[in-house]
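Below is one structure; the comments refer to it alone.
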Amino acid sequence: MGRIEKIISSNLDETQKLAYNFSKNLKAGSVVVFFAPLGAGKTTFIKNIVQNFSKKNIEVTSPTFVYMNIYDTETPIYHFDLYRIKNSSDFINFGFDEYFSNNGICLIEWAENILDILPKNSIKININHLGKNKREFIFEYAS
Ligand SMILES: Nc1ncnc2c1ncn2[C@@H]1O[C@H](COP(=O)(O)OP(=O)(O)OP(=O)(O)O)[C@@H](O)[C@H]1O
Ligand SMILES: [Mg+2]
């Protein structure tokens, strides 16, 4: 296991600040994978990351049915939602694994569906739902 950081967010503003600080770790080639139940805050956190990479307002919605959105950010961001993908073979057949070694940042919701092919240096984020507006974010950085 790599370095672990646990941080509690008590509201959306704190999540925004957390995403801002976290964004400083990211650069082209970074892969961030989210493990968290429905409604935990994956897309909300991703929205805040995307905003940190753009001066203009970018609409961020979960690509549940198309699997991936590409955002026109300063460093391109590939936002995956793999809730409806069955396994890593489907992911590879769609050619999505090519985005891992691309010029952009990959942010992946429901990464549990492609566990066997996640890059070793992926940053893992778990989110626990503690209350109406309270969330625990657990960051695990590859060692
Ligand atoms: N502190 C907080 N941090 C993040 N989200 C919060 C917080 N407090 C409340 N929320 C709310 O929780 C909800 C999180 O929904 P979001 O779509 O981000 O979840 P998700 O994990 O992407 O779900 P899904 O699995 O359906 O894609 C939003 O309505 C958001 O406003
Ligand atoms: Mg989502």
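No lab work stands behind these numbers, since they all come straight from the coordinates. Note that this is a predicted model, so its numbers are computed, not measured. So basically every Cβ, Gly included, is an ideal-geometry build from the backbone, and we count neighbours across all protein chains shown.
Annotations for the structure displayed:
- Only aspartates and glutamates eight or more places from residue 124 in sequence, or on another chain, were considered; those with a Cα closer than 16 Å are 5, 81, 109, 112, 116, 136, 140.
- Put simply, the amide H of residue 77, placed in the peptide plane, has neighbours under 5 Å in 71, 105, leaving out anything fewer than 5 places away on its chain.
- Sites residue 112 and residue 13, calculated FRET efficiency, Cβ-Cβ separation with R0 35 Å, nearest 0.05: 0.75
- Among 104, 29, 39, the residue with the largest mean-square fluctuation in a Gaussian network model of the chain, with springs joining Cα atoms closer than 10 Å, is 39.
- In a DSSP loop and with at most 16 other Cβ atoms within 10 Å, the GluC sites (Glu not before Pro) in the range 1-76 are 59, 74.
- Karplus-derived 3J(HN,Hα) values for the range 131-143, using 6.51 cos²θ - 1.76 cosθ + 1.60 with θ = phi - 60°, are x, 3, 10, 9, 9, 9, 9, 10, 9, 10, 9, 4, 8 Hz; glycine and proline are entered as x.
- Choice from 123, 92, 46 showing the highest fluctuation, given a GNM over the chain with Cα pairs closer than 10 Å: 92
- For the options 12, 38, 107, a Gaussian network treatment of the chain with springs between C-alpha atoms closer than 10 Å singles out 38 as fluctuating the most.
- Filtered chymotrypsin sites (Phe, Trp or Tyr not before Pro), the range 51-125: DSSP coil and at most 14 other beta carbons within 10 Å: 65, 94
- For the range 30-143: relative contact order, % (alpha-carbon pairs under 8 angstrom, 6 or more apart): 34 percent
- The trypsin sites (Lys or Arg not before Pro) of the range 1-40 that DSSP puts in a loop, and whose beta carbon has at most 11 other beta carbons within 10 Å, are 24, 27.
- Cα centroid separation, the range 1-48 to the range 102-126 (Å): 13 Å
- The chain, helix-only ellipticity at 222 nm - DSSP H runs n ≥ 4, -39,500 (n - 2.57), divided by all residues, nearest 500: -6000 deg cm²/dmol
- FRET E, pair residue 98, residue 74, Förster distance 30 Å, beta-carbon r, rounded to 0.05: 0.90
- 3J(HN,Hα) along the range 6-21, derived from phi through the Karplus expression 6.51 cos²θ - 1.76 cosθ + 1.60 where θ = phi - 60°, amounts to 10, 9, 9, 10, 9, 6, 5, 4, 5, 5, 4, 5, 4, 5, 4, 5 Hz, with x in place of Gly and Pro.
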